[in-house]
Each structure stands twice: as structure tokens, then as C-alpha cells.
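Notes to accompany the following structure.
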């Protein structure tokens with residue numbers, strides 16, 4: 001049974017998908033419903049064991065859902081509607097890039113790219129290999145083997161191989177995790193440029209919030225197999241639903257909302273500070289804090305403060321002079 005998906009059309013959709021492994025007490029994926037729209041880069045962000053890689057493997061057909069269904073381009077490919085006859089991975093038109101690239105060490109660059117094109121004519125295969133190597137800026141590397149490539153070159157070759165069969169969906173499984181920070185940033189920018197050119201729909205799995213902020217048009221935060229928050233990265237960054245989601249993107253501060261006293265979440269860069277004159281803390285507006293420590297962090301200073309009357313510390317970054325050390329008592333004000 002492969003009826004068209006009756007709801008919002010999207011390139012990839014999960015509907016109430018669950019998957020449990022015998023070795024784990026809790027499900028790896030627990031009742032997840034999610035849409036990956038056509039042409040977008042969608043990031044799954046979470047800690048190790050959150051279920052993000054299991055979702056990717058369910059999309060690829062490398063895992064079978066225990067419940068729910070997986071849809072590609074409006075057609076069910078796995079789960080309840082297929083009555084146990086899931087569409088095999090090789091028929092899903094999906095490209096997959098693994099953490100380490102998983103290139104074939106005994107094949108040179110052009111043969112790695114051509115691997116998934118065996119059904120194409122020789123002329124079309126040669127044309128497509130040339131196009132893909134040029135796309136990832138590896139023209140001239142045709143005869144090189146994987147061990148002769150740098151880490152970034154190897155990952156770009158993996159991308160070329162995944163894009164060669166013209167997949168309807170590209171899956172990236174922690175594609176930058178083994179790279180050093182400088183190369184990671186460079187490759188991320190290169191991948192962004194390539195994916196924009198081909199208008200490719202992408203599901204990106206990562207534990208690094210910078211990957212999500214730099215690449216994704218939407219992000220979903222997973223916790224113990226469940227979706228905790230979904231949205232545009234900037235919105236999830238600025239307005240987390242709770243402390244856990246906030247801390248996925250770095251330090252977050254629980255600040256009482258002026259007037260109501262209700263809890264709101266603020267980033268370190270949202271703070272501006274004013275010194276509190278002696279004896280003036282009871283009459284001033286804003287949250288009064290005591291400076292605990294100031295640590296230089298390159299261009300910024302990591303400032304730890306304690307709210308007056310509270311036992312817990314706030315961790316705050318500040319791009320100002322270390323004069324904060326001399327301000328024993330300060331007050332927090334939201335930056336305009």
C-alpha cells in the first residue's frame with residue numbers, strides 16, 4: 001500500500017515513529033512526528049543517545065520502525081502503511097554521507113563517485129562524475145585515492161559520491177565531527193555553497209550547535225527519543241522552551257521578567273551592566289548581582305555573577321574591559 005501522504009507535502013516526513021532496541025530500556029525514538037520541507041536543510045540536534053542517528057537510519061531504510069510510518073515525497077516507504085514490506089534503501093533515492101566519509105580505499109576519486117551510477121550509460125556516467133567533481137572543487141583529483149586526500153578533500157569527495165545519483169534527499173551524519181575547528185568552519189561554508197547551488201533537501205544530524213546555526217533552515221532538538229523543540233535556529237536560540245534546549249546552544253540565564261517576575265531566558269550577550277552605588281541596591285530597578293569572577297576568553301570576558309539572595313551562579317560573557325572585576329555589585333538590565 002503506497003497511497004499519497006494526505007497531510008502537508010514535504011520531502012521527508014515521520015509520523016508517530018518509534019524504534020526500540022533490545023539493549024536499551026527506553027526507545028531510541030519515541031513517537032516522533034516531523035516534516036523536512038523540500039529544498040531545506042533540516043538539522044537534528046541532540047546529545048549522544050538522543051535518537052537523532054536512529055531517525056536518520058530510519059529515513060535511509062537502515063532501520064525499520066516498530067510503529068508509525070516514514071514518507072518520502074508523499075509516498076510511504078516504511079511502517080504501518082507498507083504492511084511490513086518496507087522499500088529497501090537502494091530504491092529510496094537517498095544519498096548518505098557518514099562521519100568518516102566511508103570512501104572505498106581501493107577506488108580512486110572518479111571511481112568512488114561513479115560507484116552508484118552502474119545503471120547509467122558510459123557517456124552519462126563520465127559526464128556526471130566530471131560535474132560532481134567540479135561541483136566540490138576536486139577537478140584534477142580524479143586519479144587520487146582516499147589516502148592521498150586531506151580530511152576536507154575526503155569529505156567533499158564523499159559529498160560528490162552521495163550527490164552523483166541525483167538523490168531526492170541527502171542525509172549527513174555528523175559530517176564534520178572528525179575535523180579540527182578551523183577546517184570544520186571552512187568545510188561547513190563550502191558545503192553551504194554547494195547545497196545552495198544544487199537546491200538539495202538535507203537532513204543533518206549533529207551534536208554541535210554551530211552546525212545547526214550555520215547550515216540549517218530549521219532545527220529539532222531531541223531528548224531521549226522525543227522532540228523537545230522545533231523551529232528556525234535563531235528562534236530556538238533566542239526563545240528556548242526550557243533550560244535544556246537553551247543550553248544546547250551555550251550558556252543561558254534564567255532572569256526574572258521585569259514587572260511580572262516570571263522566568264525568561266537570556267543569552268550572555270543580552271546583558272548590559274551598571275554599577276550599583278553603595279547603599280543603592282534596594283532602590284534601583286533591574287536585577288542586582290554580585291560579581292564572582294571574570295575570565296578573559298580572547299576578545300570577550302566570561303563573567304560569573306550571583307544574583308543577590310540566590311545560591312546559584314549565572315554564567316555570562318561580556319565583550320567589555322575587565323573593569324567588571326572592580327564592580328563588586330552590579331545590576332542586570334536587558335540590552336535594548
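The values are calculated or read from the model by the stated rules, or taken from the named source; none is laboratory data. Because the structure is predicted, anything quoted here is derived from the model rather than measured. Cβ placement follows ideal geometry from the backbone for every residue including glycine, while neighbour counts extend to all protein chains displayed.
Among the candidates 41, 136, the residue that is touching a helix residue (DSSP H, G or I) at 6+ places or on another chain (Cβ under 7 Å) and not assigned by TED's automatic domain parsing to the domain that holds residue 218 is uniquely 136.
Among the candidates 46, 101, 95, 61, the residue that is at pLDDT below 90 and under 23 Å from the mean Cα position of the chain (by Cα) is uniquely 101. Filtering the stretch 230-244 to residues that are more than 13 Å from the chain's Cα centre (by Cα) and surrounded by 15 or more Cβ atoms within 10 Å (Cβ to Cβ) leaves 238, 240. Kindly indicate whether any position in the stretch 263-282 is modelled with pLDDT of 85 or more, touching a helix residue (DSSP H, G or I) at 6+ places or on another chain (Cβ under 8 Å) and not assigned by TED's automatic domain parsing to the domain that holds residue 28. Yes: one or more hits.
Considering the stretch 55-91, the residues that are in contact (Cβ under 8 Å) with a residue 60 or more places away in the chain and assigned to a helix (DSSP H, G or I) include one that is surrounded by the most Cβ atoms within 10 Å (Cβ to Cβ), namely 55. For the condition surrounded by fewer than 17 Cβ atoms within 10 Å (Cβ to Cβ) and in contact with a helix residue (DSSP H, G or I) (Cβ under 9 Å, 6 or more places away or on another chain), residue 172 does not qualify. One residue stands out among those in the stretch 4-26 that are assigned to a loop (DSSP other than H, G, I, E, B) and within 15 Å of residue 80 (Cβ to Cβ): the one that is modelled with the lowest pLDDT, which is 5. Listed by first and then second residue, the pairs linking a residue in the stretch 229-244 that is within 12 Å of residue 44 (Cα to Cα) to a residue that is part of a helix (DSSP H, G or I), with Cβ atoms under 7 Å apart and 6 or more places separating them unless they lie on different chains, are 229/236; 229/245; 233/212; 233/213.
The lone criterion from (1) in the same structural domain as residue 61 (by TED's automatic domain parsing); (2) more than 23 Å from residue 52 (Cβ to Cβ); (3) in contact with a helix residue (DSSP H, G or I) (Cβ under 8 Å, 6 or more places away or on another chain) left unmet by residue 188 is number (2).
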